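The values are calculated or read from the model by the stated rules, or taken from the named source; none is laboratory data. Note that this is a predicted model, so its numbers are computed, not measured. Reconstructed Cβ throughout: ideal geometry from the backbone, glycine too, with neighbour counts over all protein chains shown.
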């Protein structure tokens with residue numbers, strides 16, 4: 001295999017004998033290498049063959065944003081889930097899971113606990129996926145020494161639910177329509193086009209998927225920390241105005257009322273995806 005692109009010292013893009021592009025991870029793989037060099041295959045720890053260019057670009061962006069260790073043990077969690085539960089998963093899980101776990105670990109180091117108000121429902125309705133989440137916490141503890149709470153097992157479970165291939169068509173269509181409606185409100189409000197190749201856009205869309213599923217199921221977050229919401233409003237007042245417009249739309253169309261936590265998280269995600277375009 002020959003190197004096509006060097007992402008950093010530990011990750012490269014290469015072409016195999018069939019001219020397929022692969023993202024390769026391994027300690028020192030890119031160190032002192034240039035495009036066209038042969039890959040030292042003894043250093044390869046993980047290969048990733050993205051299904052399309054969009055996922056490939058998002059994965060390559062993530063590699064520069066998240067530690068290689070986190071990406072590697074996240075992939076171990078995914079492969080274990082496939083082997084133990086026979087799950088067919090979209091390639092997006094290779095981005096959403098390490099991205100989430102990396103954020104969870106950073107929060108844990110800072111002593112921040114993000115509660116999961118859907119914990120008990122997830123344990124009830126997604127037993128296999130919650131078991132995957134519990135297994136993931138054991139892997140994370142083994143690899144990092146950090147003990148994450150059961151709330152995180154539920155969050156990880158939701159990433160697997162979201163990535164599973166074969167959801168009912170009607171539900172997938174309904175979720176997609178809600179995402180499209182919200183996305184259009186944001187686009188029209190700010191008069192912008194999204195950078196659909198960016199990691200921030202992927203995070204935003206992932207949030208909208210979970211959000212849309214809660215709307216369909218009429219599941220609300222309980223009221224949260226209003227002081228934190230007030231701080232977010234001061235920092236992102238324009239984005240919060242957009243969230244209020246979304247709030248009115250969802251109330252009128254679905255009878256769904258956004259609590260303070262829902263408004264907070266949506267404001268933060270909109271701020272990230274909009275500001276990334278400026």
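Would you mind stating whether residue 130 is assigned to a helix (DSSP H, G or I) and touching a strand residue (DSSP E or B) at 6+ places or on another chain (Cβ under 8 Å)? No: the conditions fail for residue 130.
If a residue must be surrounded by fewer than 18 Cβ atoms within 10 Å (Cβ to Cβ), closer than 18 Å to residue 79 by Cα and at pLDDT 95 or above, how many such residues does region 123-160 contain? Counting residues in region 123-160 that are surrounded by fewer than 18 Cβ atoms within 10 Å (Cβ to Cβ), closer than 18 Å to residue 79 by Cα and at pLDDT 95 or above gives 8. So, of the residues in region 262-278 that are assigned to a helix (DSSP H, G or I) and in contact (Cβ under 8 Å) with a residue 60 or more places away in the chain, which turns out to be nearest to residue 114 (Cα to Cα)? Restricting to residues being assigned to a helix (DSSP H, G or I) and in contact (Cβ under 8 Å) with a residue 60 or more places away in the chain, the top hit is 269. Screening 105, 113 for residues that are in a loop (DSSP other than H, G, I, E, B), under 29 Å from residue 262 (Cα atoms) and either touching a helix residue (DSSP H, G or I) at 6+ places or on another chain (Cβ under 9 Å) or modelled with pLDDT of 85 or more (or both) leaves exactly one candidate, 113. The set of residues in region 1-22 that are touching a helix residue (DSSP H, G or I) at 6+ places or on another chain (Cβ under 6 Å), surrounded by 21 or more Cβ atoms within 10 Å (Cβ to Cβ) and assigned to a strand (DSSP E or B) contains only 11. Could you check region 76-92 and list, in sequence order, the residues that are within 26 Å of residue 198 (Cα to Cα), in contact with a strand residue (DSSP E or B) (Cβ under 9 Å, 6 or more places away or on another chain) and modelled with pLDDT under 90? Residues satisfying the conditions are 88, 89, 90, 91. Of the numbered criteria (1) under 17 Å from residue 138 (Cα atoms); (2) within 17 Å of the chain's Cα centre (by Cα), the one residue 84 fails is (2).
Can you report the number of residues in region 68-95 which are on the phi < 0 side of the Ramachandran plot and not in a helix (DSSP H, G or I)? I'd like the intermediate steps shown before the answer.
Of the residues in region 68-95, the ones on the phi < 0 side of the Ramachandran plot are 68-85, 87-95.
From what is left, the residues that are not in a helix (DSSP H, G or I) are 87-92.
Number satisfying all stated conditions: 6.
Filter region 44-83 down to residues that are in contact with a helix residue (DSSP H, G or I) (Cβ under 8 Å, 6 or more places away or on another chain) and touching a residue at least 24 places away in the same chain (Cβ under 8 Å), then give me how many there are. Walk me through it before giving the result.
In the first step, residues of region 44-83 are kept if they are in contact with a helix residue (DSSP H, G or I) (Cβ under 8 Å, 6 or more places away or on another chain); the result is 45-46, 48, 50, 55, 58-59, 61-63, 65-67, 69-71, 73-78, 80-81.
Filter once more, keeping what is touching a residue at least 24 places away in the same chain (Cβ under 8 Å): 45-46, 48, 50, 55, 58-59, 61-63, 65-67, 69-71, 73-77, 80-81.
The total comes to 23.
Of the residues 103, 32, the single one that is on the phi > 0 side of the Ramachandran plot and either in contact (Cβ under 8 Å) with a residue 60 or more places away in the chain or out of contact with any strand residue (DSSP E or B) (no Cβ under 6 Å at 6 or more places or on another chain) (or both) is 32.
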